[in-house]
2 protein chains.
Amino acid sequence: MRLSRFHLNTSKETPADAEIVSHQLMLRAGMIRKLAAGLYTWSPLGLRVLRKVEAVVREEMNRAGAIEMLMPSIQPRELWEETGRWQKFGGQLLKIRDRKDAEFCYGPTHEEVITDFARNELRSYRQLPLNFYQIQTKFRDEIRPRFGVMRAREFLMKDAYSFHLDAESLAQTYQAMYDAYSRIFSRLGLKFRAVAADTGAIGGSASHEFHVLADSGEDAIVFSDGSDYAANVEMAEAVAPGPRPAAAEELREVATPTQKTCEDVAALLGLPLQRTLKSVAVVGEQGFVLALVRGDHAVNEIKLAKLTGLVEFRMATEAEIVEHLGCEPGFIGPRQPAKSITVIADRSAAALADFVIGANRAGFHLAGVNWGRDLPEPDLVADIRNAVEGDPSPDGKGTLRMARGIEVGHVFQLGSKYAEALGATVLDAEGKARVMQMGCYGIGVSRIVAAAIEQNFDANGIVWPAPMAPWQVAVCIINPKDDPAVVAAAAQLHEELVAAGHEAVLDDRGLRPGVMFGDIELIGIPHRVVVSPRGLEAGTFEYRGRRDSESRNLTRAEVDAALAC
Amino acid sequence: MRLSRFHLNTSKETPADAEIVSHQLMLRAGMIRKLAAGLYTWSPLGLRVLRKVEAVVREEMNRAGAIEMLMPSIQPRELWEETGRWQKFGGQLLKIRDRKDAEFCYGPTHEEVITDFARNELRSYRQLPLNFYQIQTKFRDEIRPRFGVMRAREFLMKDAYSFHLDAESLAQTYQAMYDAYSRIFSRLGLKFRAVAADTGAIGGSASHEFHVLADSGEDAIVFSDGSDYAANVEMAEAVAPGPRPAAAEELREVATPTQKTCEDVAALLGLPLQRTLKSVAVVGEQGFVLALVRGDHAVNEIKLAKLTGLVEFRMATEAEIVEHLGCEPGFIGPRQPAKSITVIADRSAAALADFVIGANRAGFHLAGVNWGRDLPEPDLVADIRNAVEGDPSPDGKGTLRMARGIEVGHVFQLGSKYAEALGATVLDAEGKARVMQMGCYGIGVSRIVAAAIEQNFDANGIVWPAPMAPWQVAVCIINPKDDPAVVAAAAQLHEELVAAGHEAVLDDRGLRPGVMFGDIELIGIPHRVVVSPRGLEAGTFEYRGRRDSESRNLTRAEVDAALAC
């Protein structure tokens, strides 16, 4: 490819409305152009990168036995009514009326359509398992589209759906998809983590998210430094510390006139924050509950909602707190409440001795408190807090570390949720109709492009992992005197590299070296080889890798060796 | 590929609601499934064919120097207001409101978006010419979607848009696209014609349609049997016949009491239809016009509307006819009208002598009529009729033949229409802003699949041109005794064929031979090779080409030779 016959349009200015670095660099490199909020045109340069990702995804899906198909982007309301998601999906569902006033949506996902396909196509367990996928444009009407293609409304997604007679078969395909996803992100040259995830609104039993690691990532994930354990921070088990020490202090009331937070109380008393107890008042199906975590921990609402009686809990009102504890918020605690309440303690909270709690008297806390002696043991001890850096890994190997991630893939064991709603059954070996088990497996193809940049950039622009680069090597011409020999040498090198199987681009635009090099660095080409009159005379080429700090003069053979790295 | 790990779902029943053969066979082969009116899921089998077409289109577009990009499917109303097409495009435009009540459409075409892209991206004539294309899902809200993917609402299209400083450059790229399209349809193995077309509502100056020839085609096209001239019947020039013969008969009035059509009058008088004149009364910008064609010809309204004063003509009412000609319809003619009128004669009509016209008296016609002698020469002689089979070719070479075609491609010289409306200019060599010239070039990728079937089928199913077939060769296993040696031999043959570069599929589903062969024929695989116990013993394979009437027993080497054909 000759750049003079391509369309490259770079900019030095950082666009004012682009908040994150991938959005800024994609605009500066001219990879994308905004058409409207959350709608982006992929320029020829951008599309080259997008197609690289798409090709790797397709190859690995095929290798894993998934079968490609293509469903319509426009889906009829009737199907979404069958699963109840026409209402439940919310405002992200772009609803459409056609000229005959029939209602449709622009598919944000395809569980309904594929399950309808499966219920019509599949009759016998002998046809199973099957794993269908497509790579297709989706639309989610984000209320606040932002960050360019990171959170666009229209985006490219690979979505796969598997069908099974039983959970065991589902688990096998789930593992095959997990492995395929790992291969995909590895092949793309990305640092990533597969983390156990909450199944959330989509339902189902098992789920992993695949995160590209980047400091700017929206999601907090934890991982072990001693094993491959990783989880979304919301999901990670916060393990119990060692056994509770024996009581050493006497119970005493301390004046804390203005100290309402654990931090303030600990500071006043000169105690570590870990010795204080945070009391969070909520109301569940069976009434008032006090949830207790250590002062240095945070209550995890997702974990709390998994406990019996708290599935639809809410925060208690101030009036309810006063009614049940006899005290205003800020000084509340589990000892001697005004009314009978349920006390749930996090494992770390239950393992404390000689700790501090609110006294249920305005302006006072209690110190030297001990379970059993000063107040009853908790009604329930459970994992109700977020894991934090330094916690032991739940698998017993190593210590948890925190990282930021960008979710680019997600695998779910859906179970029978959609097949049940749509009546998708097959006959089993006994001739009995059985509802199929399903898995679903998504990859945000266009999002990967942005996530890769968040992970790989420097002051000069994008630093593509080689498998995602629009071209592997740029041949640049420096030729101030318009010497035809220089042009010919560059064209020849370009042709030789292409013939040798390299994706090479010839920068024959006739720009000044600084501008040309700036472009090639900005768009992240891994290798740059310069053909100049001086080099031609010396029989060398000026080579520079995208991550190198300096150029080197190489012979033709050395250029081949450099490109092989 | 092993069919047991694929998803094939064929049917013997012809679906009741499928009117044309391609729709029937695509449903029977399980290539597509209907989701809703005009919305189809492409099954794994169907998608394999669609991707074959897509790949050839992409390769030839790239070879022709076009640059791939990808625009959003959802487009903002504002852009369509700039060209006036938000209203003008009509009911086919699927209009959408997002959650913030902003208006969009699902793009049926992308002139607005690409011209907006170009006006923002292009500054200088030095960047031109450029030819951008995409292969993308489009939506047209057809009032009556039918014929499966032939006239679906959601469909896959390749659309390209070129930008130029001047008309000469546009003409060059237009020719390059014309050539690329010819290569695409040739490579796909289709019989096709490129025909001169009317530019219609999309505007512009030059246009060709590419038609796949098929008896079931919606469009009538004419082509020369002595050259490569071809045109849409609406566009084909109807050439002038030889010079007008001398008058030989006397003018006479004949009674035609109930004969109102040329056919009836000719029959009554025992004259050939070609000697009668048909009078069609219309009203244009300058008043009442009588358009005359020979009785065996039909007025072409598109040609008529190109004449000065008839751009927005309409048919005359009966009252207007009586007012201007003094006679009711059925007996009207150009001689002695009641009021002054304009007479426009087709070239063939003007070349007649001794012909028959209405007498402008109810119940009577005039015979032996001659121009000049019995009535004035026509005010205008022009090509205003449809070409017919047997006409001389307009290029002077050969005779016109008629064919039916399915439009699968279209190239337009748009000129400055969209660039003007959207203000897409570049600076020319003198630094002056100039509106760009544009071309646009579409291919109905999904429609080609259906059109190919309309052209290539028999009683047993689809007969794919090899380049479009889902696989080139099927290896079938006949193994009633479950002999592992037969299975192994089939698997080995399959592997050898794949290794030799053939797209082979192994039918290991364990079906009875009749059912298996029926499937393989229905889905149109060009080559079938059967591995059976008897063949294994004899060292032969039973081979049958999809168009063959009988099978042949071939050695392994002969199989290779057969596949090479």
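Quick notes on this one:
- Across the accessible surface of region A:219-291, with the other protein chains kept in place and a 1.4 Å probe, carbon and sulfur atoms take up 53 percent.
- Summary of the geometry: region B:354-389 and region A:101-165, compared by the centres of their Cα atoms, lie 65 Å apart.
- Summed side-chain charge close to B:P378 - residues other than B:P378 whose Cβ falls under 11 Å, Lys, Arg +1, Asp, Glu -1: -2
- Paired Rg and Dmax values of the protein assembly as shown, which use every Cα atom, in angstrom: 37.8, 139
- On the rotation that sends chain A to chain B, the chain A Cβ lying closest to the axis gives residue and distance in whole Å as A:I96, 3.
- Selection from A:H502, A:G514, A:V475 lying farthest towards where the dipole of region A:471-564 points positive, charges on Cβ: A:G514
- Loop GluC sites (Glu not before Pro), region A:1-80 (other Cβ atoms within 10 Å of the site Cβ: 11 or fewer; DSSP): A:E13
- Each part reduced to its alpha carbon centroid, region A:434-499 and region B:466-485 end up 41 Å apart.
- Restricting attention to the protein assembly as shown, close to 80% of DSSP beta bridges with both partner residues there are antiparallel.
- For peptide B:96-103, the mean count of partner chain Cβ atoms within 10 Å of a residue's Cβ comes to 5.
- Calculated SAXS-style log₁₀ I(q)/I(0) at q = 0.09, 0.12 Å⁻¹ - chain A, Debye, Cα scatterers: -0.86, -1.16
- Considering all C-alpha pairs of region B:326-385, those separated by over 16 Å amount to 44%.
- Loop-located trypsin sites (Lys or Arg not before Pro) in region B:457-565, at most 12 other Cβ atoms within 10 Å (DSSP): B:K481, B:R547
- With the simple spin-label model, which puts each label point 7 Å out from Cα in the Cβ direction, the A:E537 to A:E323 separation comes to 9.3 nm.
- Solvent exposure ordering (accessible area, 1.4 Å, most first) of B:M26, A:M235: A:M235, B:M26
- In a reduced charge model with +1 at each Lys and Arg Cβ and -1 at each Asp and Glu Cβ, chain B shows a dipole moment near 1100 debye about its Cα centre.
- Per-residue surface analysis assigns B:K432 an accessible area of about 130 Å², computed on protein heavy atoms at 1.4 Å probe radius.
- Shape of region B:14-67, Cα gyration tensor, a/c cut at 1.5: prolate
- Across region A:435-565, Cα-Cα pairs farther apart than 24 Å form 34% of the total.
- Dipole orientation for the protein assembly as shown: of the candidates B:L170, B:A433, A:T308, B:L170 has the Cα lying most toward the positive pole (charges on Cβ; Lys, Arg +1; Asp, Glu -1).
- Across B:K303/B:K417; A:K138/A:K417; B:K52/B:K306; B:K191/B:K303; A:K34/B:K88; B:K191/B:K278, pairs whose alpha-carbon gap is larger than 32 Å: B:K52/B:K306; B:K191/B:K278
- Dipole in debye (nearest 20) - region B:471-564, about Cα centre, beta carbon charges: Lys, Arg +1; Asp, Glu -1: 220 debye
- Averaging Cα coordinates gives a centre for region B:531-558 and one for region A:293-327; these two points are 76 Å apart.
- Surface share of carbon and sulfur [accessible, 1.4 angstrom probe, percent] for region B:26-175: 46 percent
- Other-copy label distances relative to A:A538, 7 angstrom Cα-Cβ extension, nm: 7.4
- Listed residue (B:A419, A:G368, A:G287) projecting farthest to the positive dipole end of the protein assembly as shown, Cβ model: B:A419
- When DSSP beta bridges are restricted to pairs lying wholly in region A:471-564, around 45% turn out antiparallel.
- Region B:252-382: radius of gyration and largest Cα-Cα distance (Dmax), Å: 13.5, 39
- Here region B:471-564 exposes an accessible surface that is 52 percent carbon and sulfur, computed with a 1.4 Å probe and the other protein chains kept in place.
- Residues B:R183 and A:M402, FRET efficiency given R0 of 51 Å [Cβ-Cβ distance, rounded to 0.05]: 0.35
- Sorted from shortest to longest, the distances between the A:G398 label points of this copy and the other copies are 7.4 nm, with each point 7 Å from Cα along the line through the beta carbon.
- FRET efficiency, 1/(1 + (r/R0)^6) with R0 35 Å, evaluated for A:E430 and B:E13 via beta carbons: 0.80
- Maximal additional length on extending the B:A557-B:Q492 stretch stands at 22.0 nm, based on 0.36 nm per residue less the C-alpha distance.
- The Cβ shell under 12 Å around B:R547 holds other residues with a net charge of -1, Lys and Arg each +1, Asp and Glu each -1.
- Put a plus charge on the Cβ of each Lys and Arg, a minus charge on the Cβ of each Asp and Glu, and nothing anywhere else: the dipole of the protein assembly as shown about its Cα centre is then about 320 debye.
- Between A:R63 and B:E420, the C-beta separation translates, for a Förster distance of 56 Å, into a calculated FRET efficiency of about 0.65.
- Label geometry 7 Å along the beta-carbon vector: A:D17 inter-copy distances in nm: 4.4
The values are calculated or read from the model by the stated rules, or taken from the named source; none is laboratory data. Everything numeric in this text was worked out from a predicted model, so none of it was measured. So basically every Cβ, Gly included, is an ideal-geometry build from the backbone, and we count neighbours across all protein chains shown. Calculation scope for accessible area: heavy atoms of the full protein, side chains included, ligands and nucleic acids excluded. Shrake-Rupley method; radii C 1.70, N 1.55, O 1.52, S 1.80 Å.
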